[in-house]
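Derivation of every value follows stated rules applied to the coordinates shown; laboratory data play no part. Just so you know, these numbers come straight off a predicted model, no measurement behind them. Because the Cβ atoms are built from the backbone with ideal geometry, glycine has one as well, and the counts that use them run over all protein chains shown.
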Amino acid sequence: MQKKIFLNEDEIPRQWYNIAADLPGTINPPLGPDGKPISPEMLAPVFPMNLIEQEVSTERWIDIPDGILDMLCRWRPSPLHRAIYLEKALKTPAKIFYKDESVSPAGSHKPNTAVAQAWYNKEFGIKRLTTETGAGQWGSALSYACALLGLECKVFMVKVSFEQKPFRKVLMQTWGGNCVASPSNETIVGREILKQTPDTPGSLGIAISEAIEQAVGDESGQTRYALGSVLNHVMLHQTIIGLEAKKQLAKAGIKKVDTVIGCAGGGSNFAGLAFPFTHDKINGADIEIIPVEPASCPTLTATPFSYDHGDVAQMTPMLPMHSLGHKYIPAPIHAGGLRYHGMAPLVSHAVEAGLMTPMAIQQLECYEAAMTFARTEGLLVAPETSHAIAATIRKALEAKETGEEKTIIFNLSGHGLMDLNGYAKYMAGDLHNISMSEKEIEESRKISMGGNPVPKI
Ligand SMILES: Cc1ncc(COP(=O)(O)O)c(C=O)c1O
């Protein structure tokens, strides 16, 4: 049986898919401080105009420039694997496929948008990028992309992950990136938070505030901010994953996909695989599409669709998304990339439109799934990715119950070779499940949402 399906370099997709062209209903715009939709010019101090144009575009297909294809082809097209050893161990009639994004230089899907964002910034004349990182995958990816293009890179890494994964900083430094723990003493917002809560584990919301503050504070105008998830242009760049996967499944003779699964922090790896399949679903295909989040930071499964800021200091516009409140500091789980209070507006919109069925899973089930995967397929995955595997195993066991030969595909968003601390703690029995009670969810939203209007689809 064929174990992996490759595409040649010349078979790489040449256009990204923009789901904004196809989602049902009106897409709610980001709102400024006055509650009115923001204009592209208002984003200009933060992002270069060529990326802002992508952010607001509703064109269905967007050409990938040759300069970006050139960089993507250093590791793409990524392989599609059939998980036959996992299938055998589960004794399931389901066919399980996974798209292996861990083969990129930084070890995850993040370089797909990092090289694109760095390229557009360079085209626009920018010399330096600032960013946040949770688990360190995005900071590594952007440092790598900046090294390829000769840009400077500054990374604010969430403090708890900075301490859990020290080698991520070394990786960023190797590629020339400058990584500091967030909150830091380098920004006004960082100093203020450290004064009030010196022991805070940090959050993506805080790190985003610090990175934006530094970018807009550069009076030379040569610095911009890059975000590793959440925004429309990031989702767009990641669709290369699903577009490749569809070609590979066709090569493997698969006529119908039943279930598409990805873990969801800010939503980008999930959207990258899922949006091209969501396009089919919008056009009548019967596909179950599942974003999986941690039970300790449940946005899609536990909060209403509403407007909130993307960061603690309210520097970002208000985005229409599911949110635990921009001040929420998620529990310090090892899946650092899933510790985000909000969600990509395009993913939130698709969930609200009934195109996706989100799931939240506890960390012990996820680690157990990752161990099963390592002992069958051999790959040791990132703790974020383990959420997709746990959901895949649930679905494969459901198929065993019903005897259905379902085809399931999940996104293997990254390897876990720099996340061994979490595995060590799991094997020593030192990890436990963490979930938010309904009261905690309500409290967290009350503290930081301020009763923002809920947009209708
Ligand atoms: C390996 C991996 N998977 C998933 C994620 C979650 O991010 P997103 O939801 O944007 O894919 C991260 C974020 O750091 C990650 O490193």
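Using a Förster distance of 22 angstrom, determine the FRET efficiency expected from the C-beta separation of GLU192 and ALA331, and round it to 0.05. Spell out each step's value before the answer.
Details: r = 23 Å, r/R0 = 1.03.
Once rounded, the FRET efficiency stands at 0.45.
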> Between region 247-281 and region 149-166, what is the C-alpha centre distance in whole Å?
Replying inline: 30
> Hey, if you put +1 on the Cβ of every Lys and Arg and -1 on every Asp and Glu Cβ in the chain, which of LEU364, ALA20, PRO317 ends up farthest toward the positive end of that dipole?
Replying inline: LEU364
>> Order 273-286, 40-53 from most to least packed using the mean count of other Cβ atoms within 10 Å.
In response: 273-286, 40-53
>> Given a Förster distance of 41 Å, report the FRET efficiency between ILE282 and SER435 from their Cβ-Cβ distance, rounded to the nearest 0.05.
In response: 0.80
> Over the chain, what is the percentage of antiparallel beta bridges among all DSSP beta bridges, to the nearest 5?
Replying inline: 35
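What are the chymotrypsin sites (Phe, Trp or Tyr not before Pro) within region 69-166 that DSSP puts in a loop, where the Cβ has at most 16 other Cβ atoms within 10 Å?
Filter output for region 69-166: TRP75, PHE124.
Treating the beta-carbon of each Lys and Arg as +1 and of each Asp and Glu as -1, no other charges, what is the dipole magnitude of the chain about its Cα centre, to the nearest 20 debye?
On the way: 42 positive and 49 negative charges, 192 e Å.
I would put it at about 920 debye.
How high is the relative contact order of the chain? Use alpha-carbon pairs under 8 Å, at least six apart in sequence, and give a whole percent. Don't skip to the answer; put the middle values down first.
Numbers: 1021 pairs, mean separation 88.0, N = 457.
Computed over the chain, the figure is 19 percent.
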> By its C-alpha gyration tensor, with a ≥ b ≥ c as the square roots of the eigenvalues, how is region 242-389 shaped: rounded for a/c under 1.5, else prolate for a/b larger than b/c, else oblate?
Replying inline: oblate
>> Using the Cα centre of the chain as origin and beta-carbon charges of +1 (Lys, Arg) and -1 (Asp, Glu), tell me which of VAL260, TYR423, THR200 is placed farthest towards the positive end of the dipole.
In response: TYR423
>> Projecting each Cα onto the charge dipole of region 1-133 (Lys/Arg +1, Asp/Glu -1 at the beta carbon, about the Cα centre), which of MET1, SER102, MET71 comes out farthest on the positive side?
In response: MET1
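Which value, in debye to the nearest 20, gives the size of the charge dipole of region 1-61 about its Cα centre, when Lys and Arg are +1 and Asp and Glu are -1 at the Cβ? Before the final figure, lay out each step's value.
Details: 5 positive and 9 negative charges, 59 e Å.
With only Lys, Arg, Asp and Glu charged at Cβ, the dipole is about 280 debye.
In percent, how large is the relative contact order of region 362-457, given Cα pairs closer than 8 Å and 6 or more residues apart? Display every interim value, and only then the final one.
Details: 73 pairs, mean separation 30.1, N = 96.
31 percent.
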>> Can you pull out the trypsin sites (Lys or Arg not before Pro) in region 353-457 whose DSSP state is coil and whose Cβ has at most 15 other Cβ atoms within 10 Å?
In response: LYS456
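Once a ≥ b ≥ c are taken as the square roots of the eigenvalues of the Cα gyration tensor of the chain, is the result rounded (a/c under 1.5), prolate (a/b larger than b/c) or oblate (a/b not larger than b/c)? Write out the running numbers ahead of the final one.
Details: a/c = 1.36, a/b = 1.26, b/c = 1.08.
Rounded shape, in that the Cα axes give a/c under 1.5.
Under the classification rounded if a/c is under 1.5, otherwise prolate if a/b is larger than b/c and oblate if not, where does region 2-90 fall, given a ≥ b ≥ c as square roots of the Cα gyration tensor eigenvalues? Mind showing how you got there, number by number?
Numbers: a/c = 2.91, a/b = 1.86, b/c = 1.56.
Prolate shape, in that a/c is at least 1.5 and a/b is the bigger ratio.
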>> As a test of the formula, what do you get for the chain when each DSSP H run with n ≥ 4 contributes -39,500 (n - 2.57) and the sum is divided by the residue count, at 222 nm and rounded to the nearest 500 deg cm²/dmol?
In response: -12000 deg cm²/dmol
> Which value in nm describes the separation of the simple spin-label points at ASP70 and LYS36, placed 7 Å from the Cα toward the beta carbon?
Replying inline: 4.3
> Which FRET efficiency value, to the nearest 0.05, is calculated for LEU420 and GLU442 with the Förster distance at 45 angstrom and r the Cβ-Cβ distance?
Replying inline: 0.80
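At 0.36 nm per residue, minus the direct Cα-Cα distance, what do ARG14 and GLU123 gain on full extension? Give it in nm, one decimal, please. Don't jump to the answer; show the numbers that get you there.
On the way: separation 109, 0.36 × 109 = 39.24 nm, distance 1.91 nm.
That pair, ARG14 and GLU123, stretches by 37.3 nm at full extension.
Which value, in debye to the nearest 20, describes the size of the charge dipole of region 258-386 about its Cα centre when Lys and Arg Cβ atoms bear +1, Asp and Glu Cβ atoms bear -1, and nothing else is charged?
Numbers: 4 positive and 12 negative charges, 68 e Å.
The dipole magnitude comes to about 320 debye.
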> In region 1-91, which trypsin sites (Lys or Arg not before Pro) fall in coil by DSSP and have 16 or fewer other Cβ atoms within 10 Å?
Replying inline: LYS3, ARG14, ARG60, ARG74, LYS91
